[in-house]
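Shown next, in structure tokens, is the structure this report addresses.
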Amino acid sequence: MSLGYALRRVVEEYPLARPDPPAGHPLAAIIRKGVPDELRGALEPIDGPFLVKGSPGRGSRWAAVPWVAIFDPAITTSATRGYYLVYLFPAHRQAVHLSLAQGTVAAIRQHGPGAEAYLRASGDALRARLSDFVRTLPNATISLGSVGELPEGYEAAHILGLSYELADLGDERRLRRDLAAAVTAYRALKARGGLDLPGSGPGA
């Protein structure tokens with residue numbers, strides 16, 4: 001299995017899988033293990049360490065937006081806080097987003113109803129901090145096609161990234177090249193102060 005094939009399986013099969021519980025479902029295993037294993041392989045040529053995790057949802061419910069994330073353990077080991085790289089699978093179209101994103105749950109806990117506005121303002125400032133990556137990771141916004149605190153929070157937490165349509169996932173070389181560029185941006189954000197912005201206090 002290649003990275004592109006693993007991502008394609010999630011994109012194609014997730015809408016069909018949702019009527020069934022995720023427990024024991026083959027697609028849940030692809031999200032938890034198949035895609036992460038392929039990402040670990042793609043990350044091998046890049047000096048780590050990296051922690052890779054995937055989530056199809058919890059218990060008997062699929063996530064509104066399944067994800068597979070890449071963490072630098074020196075920054076965070078959880079999608080709830082800090083910042084990280086993540087593949088997000090929107091509900092409304094056959095696509096996948098690669099996003100450099102801020103931790104959503106921590107922002108919701110800290111800012112409550114103002115979390116989305118906070119994340120968008122922070123994302124704008126962080127994008128400016130990474131202005132030299134805007135050409136290679138041009139997406140300033142993403143759409144996930146789901147209503148709810150978490151999916152809308154993921155949209156707000158996005159800093160920059162790329163989107164792939166189904167046909168794009170056949171280009172393995174491009175996927176790996178884009179991943180390497182995203183890791184470079186991730187590390188650049190760390191070197192340039194992480195989530196700490198003037199007047200914001202510690203954020204990373």
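The values are calculated or read from the model by the stated rules, or taken from the named source; none is laboratory data. These numbers come from a predicted model, not from an experiment. Using ideal geometry, Cβ is built from the backbone for each residue, glycine included, and neighbour counts are taken over all protein chains shown.
Computed values, structure above
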item	result
Candidates L85, L150, L160, L98 - the one that is farther than 19 Å from V11 by Cα, among the hydrophobic types (A, V, I, L, M, F, W, C) and part of a strand (DSSP E or B)	L160
Test for V65: is it among the aliphatic types (A, V, I, L, M), surrounded by 13 or more Cβ atoms within 10 Å (Cβ to Cβ), in contact with a Lys or Arg (Cβ under 9 Å, 6 or more places away or on another chain) and at pLDDT 90 or above	no
Conditions (1) closer than 21 Å to V52 by Cβ; (2) outside any helix (DSSP H, G or I): number failed by G145	(1)
Number of the condition not met by K53 [criteria: (1) part of a loop (DSSP other than H, G, I, E, B); (2) farther than 21 Å from R177 by Cβ; (3) free of Cβ contacts under 8 Å to residues at least 40 places away in the same chain]	(1)
Residue list for the stretch 144-168, restricted to those being of a type in the set (S, T, Y) and touching a Ser or Thr at 6+ places or on another chain (Cβ under 7 Å)	Y154
Hits in the stretch 131-142 (condition: crowded, with 18+ Cβ neighbours inside 10 Å and farther than 25 Å from S55 by Cα)	F133
Count of residues meeting criterion [loosely packed, with under 15 Cβ neighbours inside 10 Å, assigned to a helix (DSSP H, G or I) and either under 17 Å from the mean Cα position of the chain (by Cα) or not charged (D, E, K, R) (or both)] in the stretch 6-39	5
Top-ranked residue in the stretch 33-43 [being in contact with a Lys or Arg (Cβ under 8 Å, 6 or more places away or on another chain) and without any contact (Cβ under 8 Å) to a residue 40 or more places away in the chain; ranked as nearest to D178 (Cα to Cα)]	P36
Verdict on D47 being surrounded by 18 or more Cβ atoms within 10 Å (Cβ to Cβ), charged (D, E, K, R) and either modelled with pLDDT of 95 or more or under 22 Å from L175 (Cβ atoms) (or both)	no
Count - residues of the stretch 105-143 that are closer than 30 Å to A167 by Cα, of a type outside the set (F, W, Y) and touching a Ser or Thr at 6+ places or on another chain (Cβ under 8 Å)	2
